[in-house]
Every structure is written in C-alpha cells, then in structure tokens.
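To start, the structure itself, in structure tokens.
No lab work stands behind these numbers, since they all come straight from the coordinates. Values in this document were obtained by computation on a predicted structure and should not be read as measured data. Counting neighbours? That spans all protein chains shown, and the Cβs are built from the backbone with ideal geometry, glycine included.
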Amino acid sequence: MSAPAAVLAGLGAHVPPRTVTNDELSRRMDTSDEWIVQRTGIRQRHWADFGVATSDLAVEAGRQALKSAGAGGFGDIGLLVVATATPDQQCPSTAPDVAARLGLGTIAALDVGAGCSGFVYALATASAALVAGHAERALVIGAETFRPFLDLTDRSTAVIFGDGAGAVVLRRGTTDEAGAVLTVDLGSDGTLKDLVGIPGNGSRHRSTGRPAHPDEQYLYMNGKEVFVHAVRRMAQSSSAVLDQAGWSVDEVDHVVGHQANLRILHALARQLGVDRERLVCHLDQVGNTSAASIPLALADAASRGRFRSRDRLLLTAFGAGLTWGSAALTWPGTTLA
Ligand code: COA
C-alpha cells in the first residue's frame with residue numbers, strides 16, 4: 001500500500017581540488033602507502049586549502065544537487081539540513097549561511113551533528129519533515145572540512161580523514177515511486193562518547209575555566225575499539241532497517257556503507273551475508289569524509305552508471321557519539337546527473 005515518503009530527486013558532490021596521496025603523507029610522517037592501503041583501503045584524500053570552510057564545500061555540492069533536480073530545484077525547497085561534525089563555527093549553525101548563499105531565501109535551515117552518521121540522521125530528519133507536510137522539497141547536505149582538526153603528528157588519524165561534501169534533493173512523494181526513502185533506523189550509545197571526537201572548545205571545557213590544550217583542538221580516535229563497534233552496530237542497524245522494509249538481504253542490490261575503512265566494509269558484508277560485489281566503495285579516492293561519505297559514494301557510483309531505476313539500496317553508517325543509522329531506499333527512475 002502506498003504511503004507518503006521522501007523521494008530522491010537530485011544529487012550533487014564536491015571535493016576540494018587538492019589531492020593528498022599516501023606517498024605525500026609518507027614524506028610528512030612515519031607511514032607508508034603499503035600500510036595505509038592494506039589497513040584502510042585508502043589511496044588518496046582531498047584536503048581543503050587554508051581559508052576554505054565546510055560551508056564553502058556544502059554550497060558547491062548543494063548547487064549541483066539543486067541543478068540535478070532540474071526545474072523547481074531551486075524553486076520550492078522549504079528545508080535545508082546540513083550534516084557536519086566540522087561546522088564553520090560553534091554558533092550560528094552552518095545551514096542558514098548555506099541556504100542564503102544558494103539563494104534559497106528564508107527557509108528553515110539547521111545543522112545535524114551525529115559524526116559520521118550525520119548524513120543518515122539528516123536524511124531521516126528531512127524525510128520526516130516531508131512526510132509530515134512541513135515542506136514540499138528539502139535539500140540534505142553532508143559536508144566536512146577535517147584538515148584543520150587533524151594532528152599531523154598522529155599517523156593513526158591523519159591518514160584516514162578527508163574533506164568534501166555530498167548532497168541530495170528530496171521531494172514529497174509516495175513509497176511506490178522509484179527513489180522513495182522507505183524506512184530508517186537510528187541509534188546511539190553515549191557511554192562510548194570518549195572513543196572518538198574533538199573535545200576542545202565546547203561548553204564542558206569552558207565550564208572548567210581552563211582553556212583547551214592545543215591537543216584538544218584535534219580529532220582523537222581509539223581506532224581499534226571504534227572498528228569493533230562500527231561493524232556490530234552497522235550490521236544490527238542494517239538488519240533492523242531491512243526487517244522494517246520487508247526486504248531480505250538477497251534482495252538488496254547495493255550496500256552503501258560509511259566509507260571509513262575497507263576492512264570494516266568487508267566485515268560488514270560478511271556479517272550481513274552480502275557478497276562484496278554489492279558493496280559501493282569510494283574511500284580509496286576520498287578517505288573517510290564523515291558526514292559527506294555516503295552522498296559522495298552515491299554520487300560517484302551514480303556517475304559511473306552503477307544504479308538502475310528501482311534498484312534497492314541499503315545505506316548504513318556509524319560515527320562519533322557513538323551514533324549509527326541505516327536507510328532503505330530505491331533508486332529513482334530519472335538520471336541524477
Ligand atoms: N602508518 C603506519 N603504521 C601505523 C599507522 C600509519 N598510518 N597508524 C598506526 N600504525 C601502527 C600502530 O602504531 C601500531 O603499531 P605497533 O603494533 O607497533 O603498536 C600498528 O600500526 C597497528 O595499529 P592499530 O591501531 O592496531 O591498527 P589497526 O589495524 O587497528 O588500524 C585504523 C588502525 C585506525 C585504520 C583502524 O583501527 C580503523 O579503521 N578503525 C576505525 C576507525 C573509524 O572507522 N573511524 C571512523 C570515525 S567514527
């Protein structure tokens with residue numbers, strides 16, 4: 001039976017032009033192309049130049065998504081959600097600035113902070129608003145500028161993260177249409193908040209009256225622990241969303257997992273019982289772009305003509321918080337060029 005749903009209507013992506021290869025990093029720190037490729041699958045990433053902020057990348061990706069949505073793309077967007085762990089500043093949020101620069105007028109605009117799960121959280125937020133009738137169309141952007149938060153003396157994080165932005169336009173439609181977001185599953189476990197994050201600058205530090213130590217301005221991560229939770233939570237959340245959608249694992253055409261580490265994606269595939277050919281993998285080109293990773297992977301696969309109309313996609317992500325989230329959707333009938 002058909003019901004109201006958000007339907008994918010536009011897609012955009014943008015990465016900053018500067019490519020940083022593993023070999024370049026090997027010259028700056030004690031690492032090697034061999035280690036990075038074997039342990040993560042990453043071959044290069046993009047880093048934003050000095051002076052480029054998250055909103056700058058978000059505007060580029062958003063503009064492309066609106067263009068790909070065609071006539072009406074700019075016209076009746078009523079909501080912008082920007083998912084990011086690296087906003088331009090603590091306050092105000094990044095989304096109103098992005099909305100203004102995209103010429104979207106005085107629409108509702110908010111940031112969603114859920115670490116690397118941010119895009120799935122933002123998709124869920126926008127989908128719910130469309131289904132509730134609060135807007136006819138929404139723009140959802142995942143955007144990150146990690147370079148300023150990377151400690152280049154910490155090889156365990158500096159080689160992992162990259163900068164970029166990906167965006168989708170959603171319109172109000174129905175579940176029987178190609179491109180419908182059918183269901184989402186979201187979760188969190190704040191008892192594990194200390195496994196990954198950027199602690200400096202928040203009210204916790206301010207409340208102690210102690211200025212943040214320079215190290216606290218940087219991203220830290222307990223990679224080994226995060227790895228284990230990532231696989232477990234993405235597998236559980238994927239199963240939950242497949243149950244809700246009424247899909248068996250065999251019916252999924254493409255698994256678009258958070259692009260953190262190829263070994264994590266392979267472990268996820270094993271746990272779900274999905275062959276690796278159905279995994280969408282883009283991290284070799286961009287590294288872990290956090291909230292931008294899923295829309296960047298979607299845009300890359302779409303540009304290669306990998307998806308056909310009504311293909312069944314499982315999106316699944318995890319991130320700082322810890323947070324996790326999954327979505328089941330079908331691919332739209334139109335080309336999202
Ligand atoms: N180059 C070379 N050696 C490195 C290195 C690098 N860039 N980073 C770490 N090492 C070394 C370590 O120092 C350690 O050396 P030791 O055995 O002499 O102590 C060895 O490699 C193994 O380190 P370890 O941390 O156990 O590696 P790992 O196999 O767990 O891989 C990650 C590290 C970070 C790639 C992996 O844990 C990971 O991907 N975790 C998930 C991270 C994630 O998804 N984050 C998303 C944010 S929510």
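Brief remarks follow.
- Mean separation of Cα pairs under 8 Å and 6 or more residues apart, divided by the residue count, gives the chain a relative contact order of 26 percent.
- Ordering 321-333, 1-13 by mean Cβ neighbour count within 10 Å, with the highest value first, yields 321-333, 1-13.
- Paramagnetic reach from A3 in the range 235-250 [backbone N under 13 Å; point 7 Å along Cα→Cβ]: 244-246
- Projected label distance in nm at Q271 and S32, using a 7 Å step from Cα toward the beta-carbon: 3.1
- Top of T106, T54, T145 by mean-square fluctuation, Gaussian network on the chain, Cα under 10 Å: T106
- Exposure proxy ranking for F149, F119, F307, based on other Cβ atoms within 10 angstrom of each Cβ and starting from the fewest, stands as F149, F307, F119.
- Base-10 log of normalised Debye intensity for the range 4-174 (one unit scatterer per alpha-carbon) at q = 0.10, 0.12, 0.16 Å⁻¹: -0.40, -0.56, -0.87
- For the range 1-75 versus the range 183-256, the gap between their alpha-carbon centres in whole angstrom: 19
- Overall, the range 181-330 carries a charge dipole of about 200 debye about its Cα centre when +1 sits on the Cβ of Lys and Arg and -1 on the Cβ of Asp and Glu, all other atoms neutral.
- Scoring 258-269, 155-166 by mean Cβ neighbours within 10 Å over their residues and listing the highest first yields 155-166, 258-269.
- Relative to the current alpha-carbon distance between R39 and E216, full extension at 0.36 nm per residue lengthens the span by 61.1 nm.
- As a proxy for reagent exposure, Y121, Y218 were ordered by neighbouring Cβ count within 10 angstrom, fewest first; the result is Y218, Y121.
- The range 181-330, relative contact order in percent, only Cα pairs under 8 angstrom and at least six apart counted: 37
- Positive minus negative residues near E136 (Lys, Arg vs Asp, Glu; Cβ under 9 Å): +2
- Dipole moment magnitude, nearest 20 debye, the range 4-174 about Cα centre, only Lys, Arg, Asp, Glu C-beta charged: 440
- Rg to Rh quotient for the chain, alpha carbon positions, Kirkwood Rh: 0.95
- With contacts taken as Cα pairs under 8 Å at a separation of at least 6 residues, the range 1-137 carries a relative contact order of 26 percent.
- Order of I198, I36, I141 under a 10 Å beta carbon neighbour criterion, fewest first: I198, I36, I141
- Per-peptide average of other Cβ atoms within 10 Å, ordering 19-25, 92-98 highest first: 92-98, 19-25
- Distance between the C-alpha centres of the range 132-171 and the range 311-337: 15 Å, rounded to the whole angstrom.
- In terms of its C-alpha gyration tensor, the range 152-283 has a prolate overall shape, because the principal axis ratio a/c (a ≥ b ≥ c, square roots of the eigenvalues) is not below 1.5 and a/b outweighs b/c.
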